[in-house]
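One structure follows; several queries about it will come next.
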Amino acid sequence: MRKFVFIILLLLPNLMFAQSQQIGFLHNQILTNPAFTGSHDGTLITLSYNQLWGGVQNAPVTQIATLSSRLGNNVGFGGAIIQHSKGPMSVGGIKANYAYHLAFGSKANISLGLHANFSVYSLDESQLILDDPNDPAISGGAKRIIAPDAGAGVHIYNEKIHFGIAAYQLMQNEISFSNFVSDSIAQNGNMSIFINAGVSLQFGESMKFEPSVLVNQSANSPLFFDAGISVLLKEQLKIGASFRSTETLLAKIGFIRNNSFTVAYAYGYSLSEISSYIQGSHEVAVSYKF
């Protein structure tokens, strides 16, 4: 039993970290590349709530608040507050982004972004279910680890195309909730690379097709990608679908008012073997630009 508990304590930070780094269904680009910050006019505030695996007790839940703003012609700044929970494990984080935007030739722009992050990893051992409640490997209390981190990215864009690449977890922190193993075994937070790309194709006066792709690669983790397309109608209604390498099919819809207020919803359906045990996943997001 002791050996099993040690393995769980080792794996929990890695599993939670990987989960917390996955974006929501309604992709908020400043979370995967700091250089996207301020790529729009004005200030954009977004609130989102994501729940995975409906019907499953203690399923992952993520709440995110982000801000992205442009200061003058060149500077973008913003950040995010994130809370992610999954059973006895939770991660709370405060993120800060800075981006500098420049003209890139006569028809495009380029931005360089920096990212700083402070995360608090928490493990409530009282929620762990054990065969032996007196197992000395578990104290029954709450443990917390504070971990700073950093990232950087580049973004090339205009009104029709965008492409970005970013690196996160540059500090490659080692995180372990077990005091019985060496840090060399409990390594966590390997550098993570994100690549974003998309185009906006105008059809007639009131319709746009917007295919996009997101790729994420981290050491010791399988390649993650999200490929999809959305249709924007009269700048008021956006519908879309995408497929993720996690064997998830997504359907999305968003309502836009006066090009400033947006309400969006996404539903995720698992195509894997676990689909018969869960009721799907949901995300709701509200954003306001001024």
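No value in this document is a laboratory result; all are computed from the given coordinates. Please read these numbers as outputs of a predicted model, since none were measured by experiment. Because the Cβ atoms are built from the backbone with ideal geometry, glycine has one as well, and the counts that use them run over all protein chains shown.
If each residue's Cβ is checked for other Cβ atoms within 10 Å, how do Asp226, Asp124, Asp149, Asp41 rank with the fewest at the top?
Ascending Cβ contact count within 10 Å gives the list Asp41, Asp124, Asp149, Asp226.
Here's a follow-up. Take each of the peptides 28-40, 244-256, average the number of other beta-carbon atoms within 10 Å over its residues, and list them starting from the highest.
28-40, 244-256
Moving to a separate point now. Can I get the semi-axes of the stretch 21-68's equivalent ellipsoid? Compute them from the C-alpha gyration tensor as square roots of 5 times the eigenvalues, in angstrom, largest first.
Output for the stretch 21-68: semi-axes of 26, 10, 7 Å.
If you rank Lys107, Lys143 by fewest surrounding Cβ atoms within 10 Å, what's the result?
Ordered by Cβ neighbours within 10 Å, fewest first: Lys107, Lys143.
Taking other Cβ within 10 Å of each residue's Cβ, how do Met191, Met89 sort, fewest first?
Met191, Met89
Let me ask something additional. Write down Rg/Rh for the stretch 194-290, rounded to two decimals, with Rg from the C-alpha atoms and Rh from the Kirkwood relation over Cα pairs.
Result for the stretch 194-290 is an Rg/Rh of 1.02.
What nm distance separates the two modelled labels at Val263 and Leu112, each placed 7 Å from Cα along Cα→Cβ?
4.3
What are the lysines whose alpha-carbon lies under 27 Å from the alpha-carbon of Lys160, with same-chain residues fewer than 8 places away excluded?
Lys107, Lys208, Lys234, Lys238, Lys252, Lys289
Which of the lysines could a cross-linker bridge to Lys86, judged by Cα under 18 Å and excluding same-chain residues fewer than eight apart?
Within reach: Lys143.
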